[in-house]
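A short write-up of the structure that comes next.
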Amino acid sequence: MPTTTTSEVPQTHATAEAGESSASGKVALGTVRSDWTRAEVEAIYRTALPELLFRAQTVHRAHHAADLVQTCQLISIKTGGCPEDCAYCPQSAHYQAGVEREGLLEPQQVFEVAREAAGRGVTRFCMGAAWRDAPEGGEFEKVLEMVRGVSALRMEVCCTLGMLTERQAERLKEAGLTAYNHNLDTSPEFYGSIITTRVYDDRLKTLAAVRKAGITVCCGGILGMGEREADRIGLLHQLAALEPR
């Protein structure tokens, strides 16, 4: 079965460790870098998993408490009926997947779920809507109300609403949005094999708008869709090349 993997794109990236070969995959802390070569990414991809886990823990412990994890809860605020034809998605209107189409929830419904989650110790609340593009007008105003309300509960707020304009990203930031989830799914070369209703550049434009607004990007991909190993490396290269701002 396909596996989804996502990762934060924070305001710092790892860099090649001083004195090491650039293709070794060794990383040091604290230096921003987004000019990774594909060869460097492939070297990291082919590194043994225990070594990668060790390096990841080293970076993690430099910035976070070693014995704490964050709990996030996801709610679908608008389900099904998406006009996109993403081959992996049961919310697409193109497929019979048994997912009923539902309209946008009312803000008070969302606040009730968020308050209950906060009471259980959840510190991050994510709201997802099955849209190709975030709509303008009343529906977007309701989403902004949801973001404000959840933020008022002192929770981090994440959304995934489809493609955004720069102005929409700015308004979400103003409302208190912490992070935006928008996956690249796979490599540019394989993208047309799983999606035909948009192009890769559409995704990159939304990520650029989100970063420009100062919102943290949560972005990753999906494995197990028939892609080649080169496509997995290509996806990682795209993610590593994202500029924080």
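Numbers below:
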read-out	value
Those strands (runs of 3 or more DSSP E) lying entirely in region 143-245 with at least 2 residues in contact with a Gly (Cβ under 8 Å, 6 or more places away or on another chain), free of Cβ contacts under 8 Å to residues at least 60 places away in the same chain and open to solvent by less than 60 Å² (accessible area, probe 1.4 Å)	156-160
Residues within region 96-122 that are small (Gly, Ala, Ser), closer than 12 Å to residue 73 by Cα and touching a strand residue (DSSP E or B) at 6+ places or on another chain (Cβ under 9 Å), tallied	3
Subset of region 67-113 [buried (at least 16 other Cβ atoms within 10 Å of the Cβ) and at positive phi]	80
Residue among 118, 129 that is in contact with a Leu (Cβ under 6 Å, 6 or more places away or on another chain), open to solvent by less than 60 Å² (accessible area, probe 1.4 Å), hydrophobic (A, V, I, L, M, F, W, C) and more than 23 Å from residue 183 (Cβ to Cβ)	118
Criterion (out of contact with any His (no Cβ under 9 Å at 6 or more places or on another chain), at negative phi and not hydroxyl-bearing (Ser, Thr, Tyr)) met by exactly one of 179, 240	179
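The values are calculated or read from the model by the stated rules, or taken from the named source; none is laboratory data. What you see is a predicted model, and the numbers here were worked out from it, not measured in a lab. Methodologically, a virtual Cβ is constructed for each residue, glycine included, from the backbone with ideal geometry; neighbour enumeration extends over all protein chains shown. These area figures cover heavy atoms from the full protein model, side chains too; ligands, DNA and RNA do not enter into them. Shrake-Rupley method; radii C 1.70, N 1.55, O 1.52, S 1.80 Å.
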